[in-house]
Amino acid sequence: QVQLVESGGGLVQAGGSLRLSCAASGHILSINAMGWYRQVPGKQRELVATITSGGSSNYADSVKGRFTISRDKNTVNLQMNSLEPEDTAVYYCNAQFAIWGTKWGQGTQVTVSL
């Protein structure tokens, strides 16, 4: 089996920065894409950013220019700058494993105050 463990998150004032990390562990053969999604109560989970094994990244329009996704083998990071109250959500790590399919982390809360 495999596991995704997230770290980072917390409370920050608007304009501040946070960094999220997610490490995959277990019986990993290979991971295709990894990424971050977020969800607020009453709304669907939405894509924030993804990155392929080759390093190609994709961002939601709402975070372009403020967030940066990076990857080091089985770890994916999300550097979040110029945070806005609208970025408040539970952030989930996602990975597409070659043999296990899509897995999710447990989620980490990000709260941006005015």
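The values are calculated or read from the model by the stated rules, or taken from the named source; none is laboratory data. A quick note: this is a predicted structure, and the numbers were derived from the prediction, not measured. In this analysis, Cβ positions are derived from the backbone assuming ideal geometry, glycine residues included, and neighbour counts consider all displayed protein chains. Remember, those area values only see protein heavy atoms, side chains included, never the ligands or the DNA or RNA. Shrake-Rupley method; radii C 1.70, N 1.55, O 1.52, S 1.80 Å.
For first residues located in region 72-88 and closer than 16 Å to Tyr37 by Cα, partners that are part of a strand (DSSP E or B) and of a type in the set (Gly, Ala, Ser) and lie 6+ apart or on another chain with Cβ distances below 6 Å form the pairs Thr75/Ala23; Asn77/Ser21; Asn77/Ser70. The residues of region 33-56 that are part of a strand (DSSP E or B) and either touching a helix residue (DSSP H, G or I) at 6+ places or on another chain (Cβ under 9 Å) or surrounded by 13 or more Cβ atoms within 10 Å (Cβ to Cβ) (or both), listed by number, are Ala33, Met34, Gly35, Trp36, Tyr37, Arg38, Gln39, Leu47, Val48, Ala49, Thr50, Ile51.
Look at Arg66 and say whether it is basic (Lys, Arg) and over 20 Å from Thr102 (Cβ atoms). Against the criterion (basic (Lys, Arg) and over 20 Å from Thr102 (Cβ atoms)), Arg66 qualifies. Going by what's in this entry, would Ala24 be described as without any contact (Cβ under 8 Å) to a residue 40 or more places away in the chain, surrounded by 18 or more Cβ atoms within 10 Å (Cβ to Cβ) and closer than 19 Å to Phe97 by Cβ? So Ala24 does not fit the description; no. Among the residues of region 63-98, those that are under 14 Å from Val110 (Cα atoms) and part of a strand (DSSP E or B) comprise Phe67, Leu78, Gln79, Met80, Ala89, Val90, Tyr91, Tyr92, Cys93. Only a single criterion out of (1) out of contact with any Lys or Arg (no Cβ under 7 Å at 6 or more places or on another chain); (2) modelled with pLDDT of 95 or more; (3) surrounded by fewer than 17 Cβ atoms within 10 Å (Cβ to Cβ) is not satisfied by Asp72, namely (2).
Might you check whether a residue that is crowded, with 19+ Cβ neighbours inside 10 Å and at pLDDT below 95 occurs anywhere in region 82-102? So far as region 82-102 goes, yes, one or more of its residues are crowded, with 19+ Cβ neighbours inside 10 Å and at pLDDT below 95. Any residue at all in region 57-68 that's at negative phi, small (Gly, Ala, Ser) and open to solvent by 50 Å² or more (accessible area, probe 1.4 Å)? Yes, the conditions are met somewhere in region 57-68.
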